[in-house]
Amino acid sequence: MNPPASVHVPVMLDEVIAQLRPSPGTVFIDGTLGGGGHTRALAERVAPTGRVIAFDRDPVAIARARTELATLPVRIVHGSYVEMREALDGLGIAAVDGVLLDLGLSSDQLADAERGFSFTAAGPLDLRFDPTEGQPASEIVNRWGEKQLADAIYQFGEERFSRRIAREIVARRRERLFESAQELAELVRRCVPRRPHGERIDPATRTFQALRIVANDELGALERTLKILPDCLKPGGRAAIISFHSLEDRPVKQAFREDERWRVLTKKPLRASDAEVERNPRARSAKLRVAERI
Ligand SMILES: C[S@@+](CC[C@H](N)C(=O)[O-])C[C@H]1O[C@@H](n2cnc3c(N)ncnc32)[C@H](O)[C@@H]1O
């Protein structure tokens with residue numbers, strides 16, 4: 001069965017294209033294919049002689065792109081962007097003109113109740129980009145020790161009430177193990193006091209972010225990729241990275257600054273315009289950093 005059409009709206013598309021400057025014959029890597037919006041825009045501009053090599057860990061995103069992008073010069077790779085150097089070697093490509101990473105999860109993943117990303121859905125507590133690899137979030141929540149859980153929720157969710165949440169998780173699982181995303185979200189909401197003036201985001205967001213980061217080793221993948229990224233780009237080639245929270249933005253900023261193979265093009269990160277945020281609220285927290293390979 002074909003996956004449903006993508007509902008994901010690519011973030012800061014105009015800015016990404018202006019910074020990466022794709023033209024006919026050039027070659028790009030899109031490390032985070034997702035719904036294919038950025039890949040499509042790049043592929044249309046490098047056609048007919050250039051190409052885009054697009055990675056995703058998510059088999060659903062891969063299957064969708066295989067049909068939706070079939071007429072464009074896109075090489076689709078099911079795997080992590082961490083493997084981009086090996087993939088280029090396999091394709092006989094020494095270096096590319098640009099790399100895009102648009103971090104985090106897509107609206108398509110959020111909309112799929114079976115994946116556990118949306119904590120209002122009764123789907124299984126999974127949270128993996130690739131459900132055939134690693135451990136689902138339910139394993140973490142049902143097996144990890146209280147301190148390990150509290151530390152992860154604090155470190156990767158920046159959640160002030162992490163200890164209380166971890167304590168309640170351990171108490172509750174003695175009675176019954178967690179199965180659905182909704183069960184965990186309800187427990188977290190009970191642990192986090194309501195802010196007097198209301199909160200814009202669901203109080204479960206931070207805990208789910210932490211579990212997602214752990215289940216996918218997101219920060220490890222980013223750190224390892226930042227080290228090999230300069231080895232994948234031609235001199236003058238550009239890397240554009242969109243992050244959605246400070247845990248992602250910090251290592252990008254640091255790597256661009258500290259690795260002498262980079263010339264930083266964005267002293268301050270670029271942000272989405274008010275008009276884009278109005279159309280697509282997801283763009284509100286996006287930060288785009290760009291650097292050029294010396
Ligand atoms: C924000 S979405 C990308 C959206 C995409 N730019 C678009 O225009 O539709 C992030 C995507 O990256 C994927 N992803 C996350 N970590 C990854 C990794 N290490 N390697 C490859 N894909 C990854 C996720 O599965 C998700 O589909």
Once Lys and Arg get +1 and Asp and Glu get -1 on their Cβ, which of Leu105, Gln19, Thr32 lies farthest toward the positive end of the dipole of region 1-144? Gln19
Value of D in µm² per second that Stokes-Einstein yields for region 42-93, Kirkwood Rh from Cα pairs, at 25 °C (0.890 mPa s): 213
Suppose accessible area is computed on protein heavy atoms with a 1.4 Å probe; arrange Thr205, Thr49, Thr67, Thr39 from highest to lowest. Thr49, Thr67, Thr205, Thr39
Based on the Cα gyration tensor of region 114-179, what are the three equivalent ellipsoid semi-axes, each the root of five times an eigenvalue, rounded to whole Å and given largest first? 20, 14, 12
Restricting attention to the alpha-carbon atoms of the chain, what are Rg (one decimal) and Dmax (integer), both in Å? 19.6, 61
Calculated from DSSP helices alone, with each H run of at least 4 adding -39500 (n - 2.57) and the total divided by the residues of the chain, [θ]222 nm to the nearest 500 comes to -12500 deg cm²/dmol
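Can you tell me the dipole magnitude for region 165-294 around its Cα centre, using point charges on the Cβ only (Lys, Arg +1; Asp, Glu -1), in Debye to the nearest 20? Display every interim value, and only then the final one.
Values: 30 positive and 20 negative charges, 65 e Å.
Computed about the Cα centre, the dipole is about 320 debye.
What does the charge count near Ala63 come to, summing +1 for each Lys or Arg and -1 for each Asp or Glu among other residues with Cβ under 15 Å from its Cβ?
Working: positive: Arg57, Arg64, Arg66, Arg115; negative: Asp56, Asp58, Glu68, Asp108, Asp112, Glu114, Asp130.
Local charge sum for Ala63: -3.
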Highest-MSF residue in the chain out of Ala166, Ala61, Ala94 [GNM, Cα springs under 10 Å]: Ala94
Ranked by how many other beta carbons lie within 10 Å on average, peptides 176-189, 247-260 from highest: 176-189, 247-260
Compactness of region 143-224 - radius of gyration and Dmax, Cα, Å: 12.9, 41
Pop out the carbon and sulfur fraction of the accessible area of the chain as a percent, whole number, probe 1.4 Å. 50
Which whole-number percent is the relative contact order of the chain (Cα, under 8 Å, 6+ apart)? 18
Determine the per residue accessible area of region 97-165 with all protein chains present and a 1.4 angstrom probe, expressed in square angstrom. 45
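Looking at region 175-216 from every direction and averaging, what is the projected area of its Cα convex hull in nm²? Before the final figure, lay out each step's value.
On the way: hull surface 14.5 nm².
So the mean shadow area of the Cα hull is 3.6 nm².
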Under the Debye formula (equal points on every Cα, no solvent term), log10 I(q)/I(0) of region 175-294 at q = 0.16, 0.17, 0.21, 0.22 Å⁻¹: -0.91, -0.97, -1.18, -1.23
Translational diffusion coefficient, Stokes-Einstein: compute it for region 77-148 using the Kirkwood radius over C-alpha pairs as Rh, at 37 °C and 0.692 mPa s, and state it as an integer in µm² s⁻¹. 220
Taking the chain as the reference, fit the longest principal axis to its C-alpha atoms, fit the long axis of helix 218-228 to the helix C-alpha atoms, and give the angle between the two in degrees, 0 to 90, nearest 10. 20
Considering Cα pairs under 8 angstrom that are at least six residues apart, work out the relative contact order of region 144-230 and quote it in whole percent. 34
The farthest towards the positive end of the charge dipole of region 157-233, of the residues Val192, Leu219, Phe178, given +1 on Cβ of Lys and Arg and -1 on Cβ of Asp and Glu, is Val192
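Quote to one decimal, in nm, the extra length available between Ala113 and Leu265 on full extension: 0.36 nm per residue of separation minus the C-alpha distance between them. Can you show the working numbers first?
Numbers: separation 152, 0.36 × 152 = 54.72 nm, distance 3.92 nm.
Contour length minus Cα-Cα distance gives 50.8 nm.
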Using a simple charge model, +1 on the beta-carbon of Lys and Arg, -1 on the beta-carbon of Asp and Glu, nothing else, what dipole does the chain show about its Cα centre, in debye to the nearest 20? 820
Volume of the Cα convex hull of region 1-91, divided per residue and given in Å³: 93
Proximal lysine pairs, the chain, alpha carbons under 16 Å, eight or more residues apart or interchain: 6
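The values are calculated or read from the model by the stated rules, or taken from the named source; none is laboratory data. Please read these numbers as outputs of a predicted model, since none were measured by experiment. All Cβ positions, even for glycine, are placed from backbone atoms using ideal geometry, and neighbour counts span all protein chains on display. Each accessible area value is taken on the protein alone, full model and side chains, heavy atoms only, with ligands, DNA and RNA left out. Shrake-Rupley method; radii C 1.70, N 1.55, O 1.52, S 1.80 Å.
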